[in-house]
Structures are given as C-alpha cells and as structure tokens.
Amino acid sequence: MSKFIIRGGKKLNGEVTIKGMKNAATPILAATLLTEGSCLIDNLPQISDVSAMLDILKSLGSKIEKISEGCLRICNKGIDLKNLDQKLVKKMRSSVLFMGPLLARFGSVEISEPGGCIIGNRPLGTHFYALEKLGAKIIKEEAFYKINADKLIGSLITLPEFSVTATENAIMAAVLAHGKTTIKLAAAEPHVQDLCLFLNKMGASVSGIGTHILIIEGVKKLKGAEHHIIPDQIEAGTFAVAASLTRGHVLLKNIEPEHLDIILLKLNQVGINFEIRHKEIQFLPSSNLKSFRLQSLPYPGFPTDLQAPFGVLATQCQGTTLIHDPLFEGRMGYIQELVKMGANAIVADPHRVIVNGPTPLYGQEIRSFDLRAGATLIIAGLIAQGETIINQAEIVDRGYEKIEERLNSLGAEIKRIED
C-alpha cells in the first residue's frame with residue numbers, strides 16, 4: 001500500500017511528454033500471441049497494468065527481451081496454454097483480452113474471471129456473444145470459463161453495446177477465422193484503431209478502421225511486426241486539467257490532436273487557454289472558468305476515463321455543472337472525497353453528478369477508488385490549500401507512469417510513502 005502526500009497551491013510550469021497509451025498497449029501485447037514470429041513493441045508505458053500483462057505472457061512461456069526503455073521484443077513461439085497463471089489473470093481486468101487470441105491460436109482456452117478497478121458492473125456477455133457468433137462454445141465452471149472452438153468461422157456480428165474490449169477480442173479472434181467477419185456497432189476508440197493497425201502489419205486484413213463497422217477477412221497465419229504505441233489521450237487530458245487548474249504554463253509533448261477533439265472542445269467551452277502546435281499543446285493561465293455539461297459517450301464522444309478529472313475541474317467553474325456517465329454506475333465515488341475537501345457536489349444517481357462552483361478545496365486525508373479517481377484526487381490535492389494525503393496511491397500506477405516524479409518536475413510538491 002502506498003500514499004501520496006501533496007502540498008497544494010503550486011503552479012505547474014514546464015514540459016511533460018505524454019507516454020504511450022495504456023489502453024492500446026494491453027490489447028497489442030495480447031495480440032502478439034497470434035503469431036510465433038517476433039514482435040517489436042515500442043513506446044510502452046512503464047505502468048503496472050503493462051507489467052501484469054507481461055507477467056501473464058511470461059507464465060505462458062513468452063520470450064521477452066528489453067531493447068530499450070519502453071521497447072520490448074516479444075516472441076511467443078512454443079508457449080504452453082497449460083502454464084497460464086490464473087492468479088495473475090484474476091488480478092486485472094485487461095486479462096480478458098487474452099480470450100480472443102488464445103482461442104484463435106489454440107482452439108480452446110480456460111480463463112479465470114478477470115479482476116480490475118471497481119467502477120461498476122462489467123459483465124462479459126458481449127465478449128461471449130461475439131465469440132459464440134464465430135463458432136465458440138462457452139461453459140462456466142465456478143470462477144472459470146472454458147471456451148472451445150473446433151474451427152472459428154467468419155460471421156456477421158452486431159454487438160449489443162459499444163464495448164471496447166469485446167470489440168478487440170472479436171477482432172483478434174476473427175483475424176484467423178475462416179472467411180469474412182463483419183462487426184457492426186464496433187468500438188472505434190483510438191486504441192481500437194491502433195490494435196487494428198498492428199494486426200494489419202502482422203498480415204491481417206482489417207478494414208473500416210475508425211468506423212463502427214469493421215470488415216475482417218480471415219487469414220491462415222500472421223507474422224511478427226514492429227509497432228509504436230500511440231500517445232495516451234487520457235493521460236493528455238489528465239495533465240491538461242492539472243495544468244489548467246494550477247494556472248501555470250505547461251507544454252504537453254507527444255500528443256495526437258485528432259484523438260483529443262472533443263476533449264479540447266470541452267476545455268475551450270470552459271474557458272481554458274491553450275495553443276495547438278502540431279504534436280504539442282501549450283496550456284496558458286486561465287481565469288473565469290465557466291460551468292459545463294458533459295456526457296461520456298463512445299468515441300468520438302467524450303471518454304468515460306476523463307469524466308472524473310473533469311469533475312474536479314467543475315469545482316473551480318462558475319455556475320452549475322452536470323456530468324452524466326451512462327457507461328458505469330460506480331464511477332462517482334470520487335465525488336464524496338471532493339466533498340470532504342470542500343466541493344459543493346451532489347451525486348444525483350449512480351450515473352449523474354451536479355457540481356456547483358467555484359469552491360476552494362482544502363487538504364484532507366482521502367483515498368483512491370479506482371485508477372481515474374486516483375488521478376483526479378491528485379489534481380484536487382495540487383489546487384487544495386494545505387496538505388492532502390491520498391491512500392491507495394498504487395492504484396494510479398496502473399495507468400500513469402511515475403506520475404509524482406513528472407508532476408514534481410513541473411513544480412508540484414508531492415511525495416510517495418510506502419506503508
């Protein structure tokens with residue numbers, strides 16, 4: 001267990017480089033299982049979720065070589081499905097991404113119920129529906145799922161919801177299926193696109209990338225490939241809010257502006273000052289911030305993973321802000337921690353919160369509920385008067401690389417204490 005101790009009131013100034021995207025890295029690491037060839041993956045973020053995915057690969061027998069910081073060569077020749085470490089699978093939600101590629105490669109897989117952040121009910125029904133449409137049979141035995149397919153056959157799959165990981169599992173299973181697969185209502189997030197681009201480099205045939213209809217022509221075999229992970233739009237949005245609320249001068253480097261369209265639009269509506277420069281964004285001091293309405297939606301809508309950071313932004317805006325997250329019913333837990341710090345906010349129901357501002361925030365001892373809530377409370381601590389103590393700080397390590405070191409390099413005063 002770790003905790004962050006933050007002394008608030010410091011303006012952030014300087015430059016920060018946005019790391020590779022967590023939500024692109026995890027499916028791409030899983031996708032390396034689709035080939036016996038060697039894959040070179042670059043711009044991997046140094047976060048605990050990536051480490052956990054690599055540990056699962058190692059349990060299968062993967063050969064992983066570090067080329068440089070954030071760059072690995074992975075070879076999955078000779079892996080053994082019997083060695084899959086189910087305890088590691090149980091610890092993280094992203095382990096669900098192993099279902100598609102392992103099924104495609106071995107024709108069967110037995111996998112534990114995956115773990116992860118508690119942000120609400122996240123059933124696997126959409127994953128199973130997609131795999132069943134490709135010919136798989138799923139049997140649940142206690143805490144395990146047995147998935148078998150004598151032969152995966154291309155099919156028309158209309159997903160019942162815009163599930164990112166179910167889309168990714170369906171794609172990874174379909175690339176080695178016999179015939180054509182069409183996935184309708186597919187998720188189109190940047191990390192889904194990045195996975196598709198990587199698979200095409202491996203010899204897959206995925207078209208419609210970036211749309212909600214994907215067409216996959218199955219191939220017999222995939223080869224190794226090299227790939228550079230895209231910058232993390234969620235990390236960029238998190239640092240953008242932190243820079244804006246501390247009223248400093250912060251340059252975000254290594255960003256993809258087209259992935260941030262709705263995020264930058266919302267910041268502009270709030271009154272945040274920034275300048276876009278190719279792959280960089282310069283944030284400037286802002287005042288007289290305006291309240292807003294926000295609803296998280298599938299891409300290109302506003303990402304659910306940035307709903308919480310915009311919740312702390314709302315506490316410093318003039319007027320009443322309404323935030324609606326229809327995707328997960330457990331994502332508003334951070335609000336009660338902000339209220340402890342002085343925020344004027346009401347959780348109207350499991351999906352909606354009303355925030356009135358601006359209100360000063362004061363340092364308190366609080367705790368992280370999930371990855372994005374943890375990052376949000378760090379931002380609250382940066383602008384709060386006095387000292388803030390955030391318990392369960394290690395949750396933030398799942399998605400943000402060395403966040404306290406990078407914030408301190410910008411002028412923050414934050415230290416980590418290990419219990």
Fill in: Contour minus Cα-Cα distance for Leu284 and Ile139 (0.36 nm per residue)
46.7 nm
Discussion item. Starting from 0.36 nm per residue, how many nanometres of slack lie between Glu329 and Val219 once their C-alpha separation is accounted for?
Written reply: 35.7 nm
Worksheet item: How many nm is it between the label spots at Glu226 and Lys151, if each spot is 7 Å from the Cα in line with the beta carbon?
Response: 3.8
Response to the item:
Here FRET efficiency (C-beta to C-beta, Glu256 to His178, R₀ 22 Å, nearest 0.05) is 0.05
Practice prompt. Give the span of the chain's Cα atoms along each principal axis, as three whole-Å numbers ordered largest to smallest.
Written response: 61, 45, 41
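Take the cross-link list Lys137/Lys201; Lys63/Lys201; Lys253/Lys340; Lys19/Lys221 and give me the ones stretching past 22 Å between alpha-carbons.
Violating the 22 Å limit, Cα to Cα: Lys137/Lys201; Lys253/Lys340; Lys19/Lys221.
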Discussion item. Suppose the chain between Lys90 and His249 were pulled fully straight at 0.36 nm per residue; how much longer would it get relative to their current alpha carbon spacing?
Written reply: 53.1 nm
Item to complete: Net charge near Thr182: determine it from the other residues with C-beta under 13 Å of the C-beta of Thr182, scoring Lys and Arg +1 and Asp and Glu -1.
Response: +2
Discussion item. Please check: in the Gaussian network model of the chain (C-alpha springs, under 10 Å), which one of Leu176, Leu40, Leu195 has the largest mean-square fluctuation.
Written reply: Leu40
Discussion item. How would the range 22-228 be classified by its alpha-carbon gyration tensor: rounded, prolate or oblate, with rounded meaning a/c under 1.5 and the a/b versus b/c comparison settling the rest?
Written reply: rounded
Item to complete: Work from the charge dipole of the range 22-228 (Cβ charges, +1 for Lys and Arg, -1 for Asp and Glu, about the Cα centre) and give the residue of Ile153, Gln86, Ala166 farthest towards its positive end.
Response: Ile153
Practice prompt. As a check on your grasp of the helix formula, calculate [θ] at 222 nm for the chain: sum -39500 (n - 2.57) over DSSP H runs of n ≥ 4, divide by the residue count, round to the nearest 500.
Written response: -9000 deg cm²/dmol
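Given a cut-off of 22 Å, name the pairs among Lys3/Lys402; Lys87/Lys415; Lys77/Lys223; Lys90/Lys140 whose C-alpha atoms lie farther apart than that in the structure shown.
As for pairs spanning more than 22 Å Cα to Cα, those are Lys87/Lys415.
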Worksheet item: All other residues with a Cβ under 11 Å from the Cβ of Ser2 taken together, and with Lys, Arg as +1 and Asp, Glu as -1, what is their net charge?
Response: -2
Practice prompt. Would you calculate the separation in nanometres between label points at Glu413 and His212, each defined as 7 Å from the Cα along the Cα-to-beta-carbon direction?
Written response: 4.9
Item to complete: Could you point to the residue in Ser112, Leu377, Leu251 farthest towards the positive end of the chain's charge dipole, with +1 and -1 charges on the Cβ of Lys/Arg and Asp/Glu respectively?
Response: Ser112
Response to the item:
The exposure ranking of Ser2, Ser244, Ser287, fewest beta-carbon neighbours within 10 Å first, is Ser287, Ser2, Ser244
Item to complete: Once you've got the GNM for the chain with C-alpha springs shorter than 10 Å, pick whichever of Lys137, Lys82, Lys146 has the biggest mean-square fluctuation.
Response: Lys82
Discussion item. Quick check: net charge around His228, other residues with Cβ under 11 Å of its Cβ, Lys/Arg +1 and Asp/Glu -1?
Written reply: -2
Response to the item:
Honestly the range 32-78 on the Cα gyration tensor test (a ≥ b ≥ c root eigenvalues; a/c under 1.5 rounded, otherwise a/b vs b/c for prolate or oblate) is just oblate
Item to complete: Might you report the magnitude of the Cβ-based charge dipole of the chain about its Cα centre, with Lys and Arg at +1 and Asp and Glu at -1, to the nearest 20 debye?
Response: 340
Worksheet entry | Residue-by-residue Karplus 3J(HN,Hα) for the range 12-17, coefficients 6.51, -1.76, 1.60, Hz, glycine and proline x | 8, 9, x, 10, 9, 9
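A short reminder: the numbers here are calculations on the coordinates, not readings from a lab. Please read all numbers here as calculations on a predicted model, not as lab measurements. Every residue, glycine among them, receives a Cβ derived from its backbone with ideal geometry; neighbour counts consider all protein chains shown.
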